[in-house]
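Visitor: Before we start, here is the structure in question, set down as structure tokens.
The values are calculated or read from the model by the stated rules, or taken from the named source; none is laboratory data. These numbers were taken from a predicted model, which means no experiment stands behind them. Note: ideal-geometry Cβ built from the backbone for every residue, glycine included; neighbour counts use all protein chains shown. Side chains are part of the model used for accessible areas, which takes the heavy atoms of the whole protein and leaves out ligands, DNA and RNA. Shrake-Rupley method; radii C 1.70, N 1.55, O 1.52, S 1.80 Å.
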Amino acid sequence: MPSRPTFMTKSSAPGKIILFGEHAVVYGRPALAVPVNQVQAEVEVFDSARPGIWIEAPAIDLHAELNTLPSDQPIAAVIHNFLFLARLSRFPDLEIKISSTIPVASGLGSGAAVTVSLTRALASHLNYPMTDEELNAFAYEIEKLHHGTPSGIDNTVVTYAKPVYFVKGQPLELFKVGKPFTIVIADTGISAPTKESVGDVRRLWIHDRSRWETVFDKIGEISFTARRAIEAGKPELLGELMDENHALLQKLTVSSPELDQLVEAARKAGALGAKLSGGGRGGNTIALVEPDAAETVASALKEAGAKNTIITQVL
Ligand code: PMV
């Protein structure tokens, strides 16, 4: 019989998109990422009368006690690492409920959002205060377990839930949005592991470093210019920068016919610019739109094959 929960702690974390700079960010160039609050991961932690740590994550059909899961299962890995970090004298008896509206493996940061919300909920429930900096470092270690050589941009934007100008290994730089702007996100419905596209880019780079360093430099300049435009309240300048960034991502071989089709459809429907966002090959595209064109562009994207669209304001 299920135990009756007594005390509960709740935490949530948003999804994210990369506006500019994916892939080049792995090679030290700047990238810009912003939270997407329309989609969230949410975690509830309850004291439990039944022994053990019981996890319920219906979206991935997970209903299990922690010790029955392989230790590298992503949720189990977060809990084990947290218990190790907090050096608890005895393991607590808990029920953990995890739900998320962030599409999985599509570049919207679902893994990082579950890690961050789960760690925050555990830290608060078990009285182990963590600063955002500590939480971010913890989440980065978890990202490394699953993604090989992540830049750390996902865990950073999800932890701080604010626009970030991210340079790998450098202190956090948040930036201000001078004038809000509207983005339409469109999902190809194709899940594509970031690890693979990152690995393919690495192979290209190993074979011809100077050629690809030049491409990374161009992408880095785009991120730099984009930040200035956003801060100066001139988001309309971002459209052309998105188009340029997408062309460079095509060169890097991380686009796909489906992504290109959505990018084209968005531009034809009146978007000011569009690009793939994240690891590429599948996942999402983003398009900059005037607010009153958002619905039209979203419908055009659906007609062009998008499985889902999200209209979000960057504030
Ligand atoms: O696919 P996403 O949204 O997790 O983004 C990956 C971004 C890359 O630059 C391709 C990789 C990284 O670790 O920064």
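Visitor: Take the residues of the stretch 49-89 that are of a type in the set (D, E, K, R) and free of Cβ contacts under 8 Å to residues at least 24 places away in the same chain: which is farthest from Ser124 (Cα to Cα)?
Guide: Applying the first criterion (of a type in the set (D, E, K, R)) to the stretch 49-89 yields 50, 56, 61, 65, 72, 87.
Still in the running and free of Cβ contacts under 8 Å to residues at least 24 places away in the same chain: 61, 65, 87.
Values: Asp61: 26, Glu65: 21, Arg87: 15 Å.
Once the filter is applied, the top-ranked residue is Asp61.
Visitor: Residues being farther than 23 Å from Asp200 by Cα and within 23 Å of the chain's Cα centre (by Cα): count how many of those fall in the stretch 240-270. Show your work before the answer.
Guide: Kept after step one, since they are farther than 23 Å from Asp200 by Cα, are these residues of the stretch 240-270: 240-241, 264-270.
In the following step, the residues that additionally are within 23 Å of the chain's Cα centre (by Cα) were identified as 241, 266.
Looking only at that region, the number is 2.
Visitor: Can you tell me which of (1) surrounded by 17 or more Cβ atoms within 10 Å (Cβ to Cβ); (2) at pLDDT 95 or above; (3) within 16 Å of the ligand (Cβ to nearest atom); (4) in the same structural domain as Ala304 (by TED's automatic domain parsing) is the one Ala192 doesn't meet?
Guide: Tallying (1) surrounded by 17 or more Cβ atoms within 10 Å (Cβ to Cβ); (2) at pLDDT 95 or above; (3) within 16 Å of the ligand (Cβ to nearest atom); (4) in the same structural domain as Ala304 (by TED's automatic domain parsing), Ala192 fails exactly one: (2).
So that you can scan it fast, the table gives a plain yes or no per residue for (1) open to solvent by 10 Å² or more (accessible area, probe 1.4 Å); (2) in contact with a strand residue (DSSP E or B) (Cβ under 8 Å, 6 or more places away or on another chain); (3) in a helix (DSSP H, G or I):
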site	(1), (2), (3)
Ser99	yes, yes, no
Val104	yes, no, no
Leu118	no, yes, yes
Asn136	yes, no, yes
Ile142	no, no, yes
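Visitor: Here's something else I'd like to know. Would you be able to tell me the number of residues in the stretch 280-297 that are open to solvent by less than 10 Å² (accessible area, probe 1.4 Å) and not polar (S, T, N, Q)?
Guide: Within the stretch 280-297, the first condition is being open to solvent by less than 10 Å² (accessible area, probe 1.4 Å), and the residues that meet it are 280, 282-289, 294, 297.
From what is left, the residues that are not polar (S, T, N, Q) are 280, 282-283, 286-289, 294, 297.
The qualifying residues number 9.
Visitor: Determine whether Lys168 is under 24 Å from Arg227 (Cα atoms), basic (Lys, Arg), within 16 Å of the ligand (Cβ to nearest atom) and not in a helix (DSSP H, G or I). Even if it seems obvious, please write down each step before you answer.
Guide: Working: under 24 Å from Arg227 (Cα atoms): yes; basic (Lys, Arg): yes; within 16 Å of the ligand (Cβ to nearest atom): yes; not in a helix (DSSP H, G or I): yes.
Spelling it out, Lys168 is indeed under 24 Å from Arg227 (Cα atoms), basic (Lys, Arg), within 16 Å of the ligand (Cβ to nearest atom) and not in a helix (DSSP H, G or I).
One line per residue, one yes/no per condition, for (1) in a helix (DSSP H, G or I); (2) closer than 25 Å to Thr156 by Cα:
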residue: Val184; (1), (2): no, yes
residue: Ala192; (1), (2): no, yes
residue: Arg202; (1), (2): yes, yes
residue: Ile206; (1), (2): yes, no
residue: Trp212; (1), (2): yes, no
residue: Ile219; (1), (2): yes, yes
residue: Arg227; (1), (2): yes, yes
residue: Ala266; (1), (2): yes, no
residue: Gly279; (1), (2): no, yes
